[in-house]
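Peer 1: Dumping the structure here so I can ask a few things about it.
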Amino acid sequence: MKFSLFAHMERLDTTQNQAQLYQDFLELCTLADEGGMRAIWTGEHHGMEFTIAPNPFITIADVARHTNNVKLGTGTIVAPFWHPIRLAGEAAMTDLVTDGRLELGIARGAYSYEYERMSPGLDAWQAGQMMRESVPLIRQLWQGDCQHEGEFYQFPATTSAPKPLQSGGPPIWIAARDPNSHEFAVHNGFNVQVTPLWQGYDEIATLMERFNDACSSYNGARPKVMLLHHTYVGKDTHDVSRAAVELSRFYNYFGAWFQNKRPVSQGHIQPLTEQELSANKLMTPENMQRDLTMGTAAQVIDQIKRYEDLGYDEYSFWIDSGMSFERKKQSLRRFINEVMPAFS
């Protein structure tokens, strides 16, 4: 089992200084690098202070200056927001800048809020179709003289300029949930990243079953599969209970952004009332503690060993949580010092 960190800047209110938030983000990345994690993942989002990440390539190029060993991944690029020629070129340039440490995670996107602003009229189904057309073109553009006439993209023979440093280009990961997405990724030789969110162990097992089914119908080499999950390692049971309350609030806001029904001003969604938070029985603190990867170090070790037994190759510690920087840092430090050694 390999381990990685998944992180963004989170701005909860206008009193927080964005420059300081970025320095906090860099400190978490440095801790992950020095602690022996395999990779750091950071994604793409637009117009949302809930998740500040307008261009992961820029972030990754800077994180490379502050780290030495970790791979640096996009978790994830939103494919329909990028023309494949642009995506291939910027990924290749980032691979050069980072001395061959880039890994390219790609998804269709999730937030209607972003679709409305970045590509009006786009929905999740069409976004998925655009991703399936564009992503195989990336490797062809890296190889050179790729010509394409498709439903969404048409262009004459084109070569990525520059070409990536890594032979064959950076590894490509596809965010997959439904069986067709797993099959698309595996049959194209892409790695798979799954995110069960708050839905617990049964969903984690189901996603692995879908990956295994896709692999069984493919004659090529088995790609890698990564589990991305919200994680908290507490110093004691009281600390874990506090984290469950914080993650419950985070997921309530996550759901509100996803539903795209509340007013947004200055990049902040209209605050949820305490009555609204308590009325959501799906995302209670008790459910968070049951279904997320959280607990004392010993409890988290037991949870991740179950994921390892299912066959996951990598576990990614999703640290975005609405918690203070200090609480995030202490949880990550406990994960590195007390959990990861159990998997050496």
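Derivation of every value follows stated rules applied to the coordinates shown; laboratory data play no part. Bear in mind that the values here come from a model prediction, so they are computed numbers and not experimental data. No Cβ is skipped: glycine too gets one built from the backbone with ideal geometry, and neighbour counts run over all protein chains shown.
Peer 1: Put a dot 7 Å past each Cα toward the Cβ at residue 261 and residue 159; how far apart are the dots in nm?
Peer 2: 5.4
Peer 1: Where does helix 18-34 land angle-wise versus the long Cα axis of the chain, in degrees 0 to 90, nearest 10?
Peer 2: 80
Peer 1: Also, quick follow-up: Counting only the backbone N, which residues of region 28-52 are under 18 Å from the spot 7 Å out from the Cα of residue 224 toward its beta-carbon?
Peer 2: 32-43
Peer 1: Okay, next question. Pairs of Cα atoms under 8 Å, at least six residues apart: use those to get the relative contact order of the chain, whole percent.
Peer 2: 19
Peer 1: Could you tell me which chymotrypsin sites (Phe, Trp or Tyr not before Pro) in region 125-169 are loop residues by DSSP with no more than 14 other beta carbons within 10 angstrom of their beta carbon?
Peer 2: 153
Peer 1: Can you compute the charge dipole magnitude of the chain about its Cα centre, using +1 on each Lys and Arg Cβ and -1 on each Asp and Glu Cβ, nothing else charged? Give it in debye, rounded to the nearest 20.
Peer 2: The dipole of the chain has a size of about 260 debye.
Peer 1: First measure r as the distance between the Cβ atoms of residue 149 and residue 306, then evaluate 1/(1 + (r/R0)^6) with R0 = 30 Å and state the FRET efficiency to the nearest 0.05.
Peer 2: 0.05
Peer 1: Then there is this: Take every DSSP beta bridge whose two residues both sit in region 216-327, then give the antiparallel share in percent to the nearest 5.
Peer 2: 20
Peer 1: By how many degrees, between 0 and 90 and to the nearest 10, does the Cα long axis of helix 84-97 differ from the longest principal axis of the chain?
Peer 2: For 84-97 against the chain, the angle is about 70 degrees.
Peer 1: When DSSP beta bridges are limited to those with both residues in the chain, what percentage is antiparallel, rounded to the nearest 5?
Peer 2: The antiparallel fraction comes to roughly 15 percent.
Peer 1: Setting aside same-chain residues fewer than 8 positions from residue 261, which lysines have a Cα under 24 Å from its Cα?
Peer 2: Those lysines meeting the cut-off are 281.
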